[in-house]
Every structure is written in structure tokens, then in C-alpha cells.
């Protein structure tokens, strides 16, 4: 019998083993997010920087935006964030006349805060007056597993039958639900990148508190179900398709060998000559029978008597 202490230790070991083997709905491979940047403070200028990248846009103070990470190497559950959210375009979206809020969530940050980095050290962040009720979270099966495991959203809040690849599509979904007044879209990581399955669309009811409505949050885009009249929403930019592989020419079929000619019927061998060749073709017989000799003798006798 195992003691309770040994049984607990074995159970803990199994949990850790399952965690790293992938039995739990988490990946143990390079969990850091890309840094999302909106060049020019517009949703149409979205770009995504890899962790430790230093080629971002030039900030107002003359520095270059970088993508930092909380750990080196930047992997597993480490958080990647831009060196400055303001430089990364946080605030009113210029393309929608401020209807969309870039690097902001509606209400206090919703459930995807359980794994994503909010801001870099030194960033000035604001919090909304309260949390907005969640109507529905549209995510992938992988995203659902992570949210459940890390207690970001409850199972009944999530829906994996639909997924939305942009803030524009998320807003349209919000507009189709009469209870939805605001949305928050998780735009951390490129649309066609490794973390695409976690780009959740959250539908909210209106806040019941008065005061600040949006909270600073890296990679989030938030806004109302419909923008004011006269505001044109830019079309979502689809990720560039991967180039199609060049067709590999099929090898030419090897020429078929010509069939060997079938052998004809063998010629019959000529009979070998017997004896003297000249004798074999003589018009006179070589041997005479006794009867022939008697007849010949009789003819001679007759001829003698006649003469």
C-alpha cells in the first residue's frame, strides 16, 4: 500500500509530465507572442515584430521601437511586449476617426489577459471603471482549451463554431447581436502566424459604471457595435497567401525497348553426298542385275547371226 504522501507525489509527477507532454491544452513550445504595432496610429498600419526584434518605427523621442520579452530565451509562457505602447500606436485609431481604440480593451481586460502581456515596464496604463459583461467569446478549439485551463473564460461563454480573423469581422458579429454594445478583439500575433488560433472575438454588454470605458492592453482592439455615421471602416487586410509550390515536371517515360525479332524456321540441312560425286550423277547405272545381263547377251547373239 502506498502512503498518502507517496500517492500525492506520484500524482503531482503525473500532472507535470502531462503538462509538458501536451496532454493539457497548452503548448510547451515558444509561447511568447509577437509584438503588435500600428504604424501611424492606424489599424491599416498593423505590423508584427518577433521577440527581441529591434527594427520597429522611430518613436517621438528619437528611439527605435523594439519588441521585448520577459525572459531570455523568449519561450514557453514568456510575454512579449513593445518597448512603448504609445510608440506602437496605442489610442484612437486614425483610420476610423477614433471609433476603434488600438491597444485597448472594452472594460477591464477580458479573459485573454491570462496569458498575454499587457504592457512594457514604464508604460502608462489606464483601467476602465469596471468589467463589462461577456455575452460570447468566439475562439478556436485550441483557444478554448487554454481559456478553460487558465480560467480566462467559462465554458458556457465560449463558442468554437465561428472564428473571426479581424476587428472588423468581430464588430460585424457584435452588430448582429442586439445585446452586444461593444467588442474586444485580440490582435496579438499576425493573422497567419503561429498564434492565430488565439485571436479571440469578445462580445460585451454595455458597462454599468460611469467613467473610463477602455483599458490599455497590448494587441487588443475595441470599439462599439457600430461606428458613428459617416465613419468608413477600412477593409481588413488579408495575410499574403503563401506562394504556391512550382509544379515539378513529371519525368519523361523511358523508351520501351524494341522487341527482338523472332527466329524464323531453321533451314533443313542439305544431305551429305555419298561416294564419288561424278559417279553419283552418271547416266549409267553402276550395277546390273543378272536378268539384264542375259537379255544383253541374247541381243548380241542375234546380231551376230544376222550378219
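Key figures
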read-out: Ranked 231, 86, criterion: other C-beta atoms within 10 Å, fewest first; value: 231, 86
read-out: For region 90-190, the spread of Cα positions along each principal axis, largest first, Å; value: 34, 32, 29
read-out: Equivalent-ellipsoid semi-axes of region 23-224, from the Cα gyration tensor, Å, largest first; value: 24, 21, 14
read-out: Intensity falloff of region 173-225 expressed as log10 I(q)/I(0), Debye formula with alpha-carbon point scatterers, at q = 0.20, 0.21, 0.28, 0.30 Å⁻¹; value: -0.76, -0.81, -1.09, -1.15
read-out: For region 149-195 and region 90-144, distance of Cα centres in Å; value: 11 Å
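Quick note: the coordinates plus some simple rules give every number you see, no bench work behind them. On a predicted model such as this, the values are computed, not experimentally measured, just so you know. Using ideal geometry, Cβ is built from the backbone for each residue, glycine included, and neighbour counts are taken over all protein chains shown.
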